[in-house]
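Report on the structure given below.
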């Protein structure tokens, strides 16, 4: 019912959006109507739908492996002299384009690939369901594409399934990644618990199923599929820092009135990305809540994939690096570093905590470019040349 109400609201908002757009265009160059123009621009942005943004990296994008719930995407052409890097984007609401800056930074020295996850609300029910096991299966298939010649970098949520995929491939004596870098991932959420972890632990799995899962309406390709809707996730994202978002939009209004086009453009670019969210298939979302945040299956040795136990200690041929942010309020310090205890026999291990950085700053922004990315490049170079 809630998803249907949201769909109806979106439908009626289109007419408001049209008139707001017309008003903004008509008053663009009229000095006496600057405030009216700014208000119209704000209203137009409030009422528009936000689809998946483009990467816009001025390089060809090629789908190497196409799957119902996500593709393996390559940027540019492979250079055999450069290491392959598989960037595993989180499936936690935002699109893989959120890592645009991460991709751009690594493209300087690597052949960069990324997991480009799809909006579950656009996937027909005939394509089946997506579970945490499915996520692990996808990663294993993507890793096999490189036949062992790849460096895996998992950002946030995929840290647990990345460990599981590499562990299972290690046990099966398959070619495995040369190195695995985990960035701000919830490997063991009992360490350094955050407000996000606290909220999860205060509610049962049944509460999440009752309050967050809704059925995709008939006007979408995924009609009938039960999902955690993107618009609910966005409401959660916004509520965590509501004052900051309200201030940002007030400043945006002032930038428009004063004619500060550069600042207004920066605001629009950020929120074009931030407000674009996708639905998550219900089985995957609920299993992640249960196994990662409520029952901590991986650090307790309880995680399975299709009934098969996952043994992280089997990872003995893949180097391990973990990265955390000192001020991370989503994945607290210690949660990602816990991977080293689970993978004691990795051929090379390294941990780095970036001072004065929150969750987003781990993989984007100035400190990522100046401090974190160089360390990852150094780690990749070292593991590429060390037997």
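Please treat every number below as a calculation from the coordinates, not as lab data. Computed from a prediction, not measured in an experiment: that's the story for all the values here. Ideal geometry is used to build each Cβ from the backbone, glycine not excepted, and the neighbour counts take in all protein chains shown.
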If the chain between residue 272 and residue 144 were fully extended at 0.36 nm per residue, the gain over the current Cα-Cα distance would be 42.7 nm
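Run through the DSSP bridge list for the chain and note the antiparallel percent, rounded to the nearest 5.
Beta bridges within the chain, antiparallel portion: roughly 40 percent.
Kirkwood Rh over Cα pairs of the chain into Stokes-Einstein at 20 °C, 1.002 mPa s: D in µm²/s?
D = 97 µm²/s.
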In terms of the alpha carbon gyration tensor, root eigenvalues a ≥ b ≥ c, rounded if a/c is under 1.5 and otherwise prolate when a/b exceeds b/c or oblate, segment 52-96 is prolate
Expected sort for 191, 355, 81 with the fewest Cβ neighbours (10 Å cutoff) up front is 81, 355, 191
Shape descriptors of segment 1-135 over alpha-carbon atoms, Rg and Dmax in angstrom, are 20.1, 59
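Once Rh for segment 1-49 is found with the Kirkwood sum over Cα pairs, what is the Stokes-Einstein diffusion coefficient at 10 °C and 1.306 mPa s, in µm²/s?
Details: Rh = 11.4 Å.
In µm²/s, the coefficient rounds to 140.
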Distance in Å, no decimals, from the C-alpha centre of segment 57-101 to the one of segment 277-343 is 22 Å
Helix 373-385: inclination vs the chain longest Cα principal axis, degrees, rounded to 10, gives 30 degrees
Computed from the beta carbon distance with a Förster radius of 30 Å, FRET efficiency for residue 382 and residue 341 to the nearest 0.05 stands at 0.85
For the chain, the longest principal axis of the Cα atoms and the Cα long axis of helix 242-258 enclose an angle in degrees, to the nearest 10, of 50 degrees
Expected sort for 346-353, 128-135, 209-216 on mean C-beta neighbours within 10 Å, highest first, is 128-135, 209-216, 346-353
So, with points 7 Å from each Cα along the Cβ direction, the residue 54-residue 240 label distance in nm works out to 2.9 nm
Computed from the beta carbon distance with a Förster radius of 25 Å, FRET efficiency for residue 36 and residue 263 to the nearest 0.05 stands at 0.80
Length-normalised contact order of the chain, Cα under 8 Å, at least 6 apart, in percent, tallies to 20 percent
Counting all Cα-Cα pairs in segment 68-206, those more than 17 Å apart amount in percent to 63 percent
Simple spin-label estimate for residue 15/residue 204, 7 Å along Cα→Cβ, in nm, reads 4.5 nm
In degrees rounded to 10, the 0-90 angle between helix 230-240 Cα long axis and the longest Cα principal axis of the chain is 90 degrees
Subtracting the Cα-Cα distance of residue 313 and residue 66 from 0.36 nm times their residue separation yields 85.8 nm
Output row, site residue 352, 7 Å Cα→C-beta label point, backbone N cut-off 19 Å, window segment 163-187, residues 178-186
Short to long, in 5 Å steps from zero, the percent of alpha-carbon pairs of segment 202-272 per bin is 3, 14, 15, 15, 13, 11, 12, 10, 6, 2, 0
Distribution output for segment 270-387: share of Cα-Cα pairs per 10 Å bin in percent, first bin at 0, values 11, 30, 37, 20, 1
Semi-axes of segment 125-274 from the Cα gyration tensor (sqrt of 5 times each eigenvalue, largest first, whole Å) come to 35, 23, 19
The rounded separation in angstrom of the Cα centers of segment 119-168 and segment 184-249 is 21 Å
